[in-house]
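Down below is the structure, laid out as structure tokens.
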Amino acid sequence: MAAGKTPTEADWERLAKAVAGRVLRPGEAGFRSSSAPFNTRHTAVVPGGVVQVAEVADVRRAVEWARETGVPVVPRGGGHSYAGFSVNPGLVVDLRALDTVTVDGATGLVTAAGGASMSAVYAALEPEHVVFALGNGASVGIGGLTLGGGSSATSRKFGLTADALLATTLVTADGELVTCDAGSDPELFWACRGGGGGNFGINVSFTFRTFPVGAASTCLLLWDGADAEAVFGTLQEVMRRAPQECSIRLGLATTGDGVVVSAVGMHLGPADELRELLAPVLAAAGPLRADIADRTFWEAKDYLAHETSEGAFAARTAFAVDPLPPEAVAAVLARLARWPGGSNPDGGGFALFGWGGAVNDVPPDATAFPHRGANYLVSMDTSWGEQDGPEAVATHLRWLAELDETVAPYMTGGAYVNFTDPDRPDWRTAYYGANYARLVDVKRRVDPDRLFDFPQAVGR
């Protein structure tokens with residue numbers, strides 16, 4: 001590979017003639033929608049060009065062109081990388097036109113093309129009344145979700161998105177189309193289940209097993225910040241002991257004017273069961289709002305759908321086995337009271353996602369995703385807007401680091417690669433734990449020249 005070479009206009013024209021799709025350069029119509037980072041913190045990164053692929057053969061042509069010209073290449077599906085890694089200064093391969101999803105009603109298997117969004121996958125699954133763990137944002141891409149593990153409100157029952165994966169096809173650095181599963185290149189297949197997107201090639205197809213799903217119920221409970229310690233003291237234990245059918249997210253949020261406590265969740269059962277599970281916390285602190293209702297599963301997933309507001313943000317994650325003690329909750333509340341403020345309506349927050357269940361039934365080395373022993377995924381975030389000024393970045397990152405340090409003594413360590421943190425120096429062990437060395441071996445074999453590279457790429 002001719003590393004470091006700057007492609008000429010003739011190089012870009014040659015690529016445009018080679019693909020059935022379109023090649024877009026900066027300033028052209030459609031370029032921004034194919035290359036703008038989801039997190040506006042990273043808008044300074046502008047690619048030299050974007051290939052809007054029309055067919056799988058375009059992906060192969062783009063990879064071959066990138067290898068020949070020495071241009072770094074990155075796949076982009078939903079484009080939701082928190083760290084902006086779905087954009088680079090070289091070539092972006094926009095997969096969104098590869099969005100076909102098919103479901104075999106007889107076997108329950110679903111095959112999604114590499115650019116399919118959550119909305120497309122859900123639309124194909126609903127007529128068959130089957131599901132597997134999927135994201136709660138309509139525009140989230142199946143590729144990034146799966147390759148980074150993928151968790152949802154149904155993961156305690158059905159496992160991670162990656163746990164449902166049976167096979168995947170990807171274009172590797174040599175331009176070859178490779179299908180891997182448990183029997184064909186099992187090491188590459190292992191790496192594709194939690195090893196992170198963009199590391200081993202460009203995945204153009206995923207096949208999953210599914211699970212029958214029927215009625216469900218949801219909850220949305222809100223409390224004043226004054227009730228936070230009582231709610232956390234009770235609800236964390238409810239979450240830990242809940243059946244696998246139930247998953248709850250317990251959160252604290254602020255936009256600078258007090259703290260709101262929330263509990264949002266889904267139960268794959270009737271609302272009466274969900275009310276019974278929640279009875280201890282409802283008795284411990286009366287909510288400002290309590291919405292507990294029966295829904296179809298499809299209504300429930302829409303009810304829980306969430307899209308992050310536009311703007312800049314940063315997030316940190318960790319895992320915990322035990323509930324946070326009262327002194328830890330008090331310390332988190334004290335940090336939230338000192339949130340720096342900002343114009344992004346998402347504000348700052350702290351959340352515990354219900355973990356465990358079927359997620360922990362899988363051994364840590366059975367897939368590349370190692371975080372199989374926790375009961376909670378802990379997420380901390382902060383956000384700001386462009387009008388908050390350049391100094392806001394350092395201020396918010398410092399606040400987030402302090403919040404992380406506050407709860408670190410109660411965590412088991414680790415971090416969730418799909419909530420990518422570009423500021424984390426220990427990302428190798430945090431994301432991948434003891435599985436990292438094995439991932440490096442796979443990377444060296446399938447991409448020895450590091451065509452697929454970015455700041456937190458495996459092997460760096």
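The values are calculated or read from the model by the stated rules, or taken from the named source; none is laboratory data. This structure is a prediction, so every number in the text was calculated from the model and none was measured. Positions of Cβ are generated from backbone atoms using ideal geometry, with glycine treated the same way; all protein chains shown enter the neighbour counts.
Filtering region 111-139 to residues that are closer than 18 Å to LEU98 by Cα, surrounded by fewer than 24 Cβ atoms within 10 Å (Cβ to Cβ) and β-branched (Val, Ile, Thr) leaves only THR111.
Is it the case that some residue within region 53-61 is surrounded by fewer than 21 Cβ atoms within 10 Å (Cβ to Cβ), part of a loop (DSSP other than H, G, I, E, B), at pLDDT 95 or above and not assigned by TED's automatic domain parsing to the domain that holds GLY137? Yes, the conditions are met somewhere in region 53-61. Of the candidates GLY198, GLY105, the single residue that is farther than 30 Å from ALA263 by Cα, in a loop (DSSP other than H, G, I, E, B) and at pLDDT below 95 is GLY105. With respect to the conditions (1) within 26 Å of the chain's Cα centre (by Cα); (2) within 17 Å of ALA300 (Cβ to Cβ); (3) not hydrophobic (A, V, I, L, M, F, W, C), PRO270 lacks only one, and its number is (1). When region 220-238 is filtered for residues that are of a type outside the set (A, V, I, L, M) and crowded, with 22+ Cβ neighbours inside 10 Å, the ones remaining, listed by number, are TRP223, PHE232, GLN236. Out of the residues in region 273-308 that are under 26 Å from the mean Cα position of the chain (by Cα) and among the small types (Gly, Ala, Ser), which is modelled with the lowest pLDDT? Looking at residues that are under 26 Å from the mean Cα position of the chain (by Cα) and among the small types (Gly, Ala, Ser), I get ALA305. Applying the set (1) crowded, with 20+ Cβ neighbours inside 10 Å; (2) closer than 23 Å to SER152 by Cβ; (3) out of contact with any Pro (no Cβ under 9 Å at 6 or more places or on another chain) to GLY194 leaves exactly one unmet item: (3). Scanning region 347-390 for residues that are modelled with pLDDT under 95 and either within 20 Å of LYS157 (Cβ to Cβ) or of a type outside the set (S, T, N, Q) (or both), we see that the one that is surrounded by the most Cβ atoms within 10 Å (Cβ to Cβ) is ASP388. Here is a list: LEU125, LEU170, LEU160, LEU166. Which entry is outside any helix (DSSP H, G or I) and either under 18 Å from the mean Cα position of the chain (by Cα) or under 25 Å from THR218 (Cα atoms) (or both)? That would be LEU160, the only listed residue that is outside any helix (DSSP H, G or I) and either under 18 Å from the mean Cα position of the chain (by Cα) or under 25 Å from THR218 (Cα atoms) (or both).
Across region 100-151, the number of residues qualifying as free of Cβ contacts under 8 Å to residues at least 12 places away in the same chain and of a type in the set (Val, Ile, Thr) comes to 1.
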